[in-house]
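Just so it is clear, none of the values below were taken in a lab; they were calculated from the coordinates. Because the structure is a prediction, the values reported are computed rather than measured. Using ideal geometry, Cβ is built from the backbone for each residue, glycine included, and neighbour counts are taken over all protein chains shown.
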Amino acid sequence: MTYTEVTFLIAPAEPWREILMVELADLGYDSFQDSFTDPAGSSGELKAYIRSDRFDATALEGLLTLRDPHVSASWTSEEIAHRNWNAEWESSFQPVEVGSEVRIRAEFHPAVEGFTHDLVITPRMAFGTGHHATTRMMVRAMLQEPMEGASVCDLGCGTGVLAILAERLGARQVVAVDNADDAVDNARDNVALNNCCTITVEKGEASALEGRTFKAILANIERNVLLDAMPLIASALLPGGLVFLSGFTVNDRHMLAERAKEHGLVPELRMNEGDWALLGCRKPI
């Protein structure tokens, strides 16, 4: 399979490097490699890879990172020879630990005693391995909310890691939804790998919430998608239910909070990790 390598030059690096990676992941970019030695203030280079049949130069023009006046960014592209992308991804995949409660590892990593939940993920380049700040915050937030017997939706599930954790936390029914075929296939494989029995993985958009109700909704997606999906999220939440929102920066959280309030949700939980943010909102009883 032929891939296209797109090289971005960015200054300053943060928070634009990670924002760009999230935006590119939404476009179907599979993996990334950067050369930022001082991400806090320097310029640097980010290489992003996508299957050549999915490469769309026009789509790059709409990226926030390339349009915002506070960042200088440019890009070039080149079609490259076949490489074993999964092998390269897996070789750099390291276990992720969230306190002493959750450890996310690949199948080729040995299990380590002392963790309440040992999650085994074969990444295959789908977003959601736990390495990104937004995924880690979602994990921490989930550990604070009782999920025993709850119905849960993981909207934009990526690898399915949050859906798998929801089952481990006692959810009786979990629906995992993603709009990318690769992510859906990957999530289904990971659900089987972890011997899950309450998770259904579906291909779809936020419209998959229509006509359904959930006690908890997990939505680690790009900011604009969350803003557009808020009416559906609010409608699908049961009274007393909670939605965890992430995938946006601290500066944008107020927009999500105001949008949530417009649809009757009450902001309740806030988390930060670096420039990235999480917002938890509850539907009143």
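Would you mind calculating the gained length between residue 198 and residue 67 on full extension (0.36 nm times residue separation, minus the Cα-Cα distance), in nm to one decimal?
On the way: separation 131, 0.36 × 131 = 47.16 nm, distance 4.24 nm.
Value of the extension gain: 42.9 nm.
Could you work out how far apart the two model spin labels at residue 47 and residue 275 are, taking each label as a point 7 Å from the Cα in the direction of the beta carbon, and quote it in nm?
Simple spin-label model gives 2.3 nm for this pair.
Under the definition of Cα pairs under 8 Å and six or more residues apart, what whole-number percent is the relative contact order of the chain?
Once divided by the residue count of the chain, the mean separation gives 13 percent.
By counting other Cβ atoms within 10 Å of each Cβ, how are 178, 26, 53 ranked from fewest to most?
53, 26, 178
So how much slack lies between residue 100 and residue 185, counting 0.36 nm per residue of separation and subtracting their Cα-Cα distance, in nm?
27.6 nm
Based on the Kirkwood radius over alpha-carbon pairs, what value in µm²/s does the Stokes-Einstein equation return for the translational diffusion coefficient of the chain at 37 °C and 0.692 mPa s?
Here the translational diffusion coefficient equals 170 µm²/s.
Percent antiparallel among DSSP beta bridges with both residues in the chain, to the nearest 5?
Antiparallel: roughly 60 percent of the beta bridges in the chain.
By how many nm would the segment from residue 33 to residue 250 lengthen if fully extended, with 0.36 nm per residue of separation less the alpha-carbon distance? Numbers along the way, then the final one.
Working: separation 217, 0.36 × 217 = 78.12 nm, distance 2.44 nm.
Once the chain is fully extended between residue 33 and residue 250, it gains 75.7 nm.
Mind checking which of 113, 202, 79 has the largest fluctuation in a GNM of the chain, springs on alpha carbons under 10 Å?
Maximum among the listed residues: 113.
Less than 26 Å apart at the alpha-carbon level, and either on another chain or at least 8 residues along: which lysines does that give for residue 261?
215, 283
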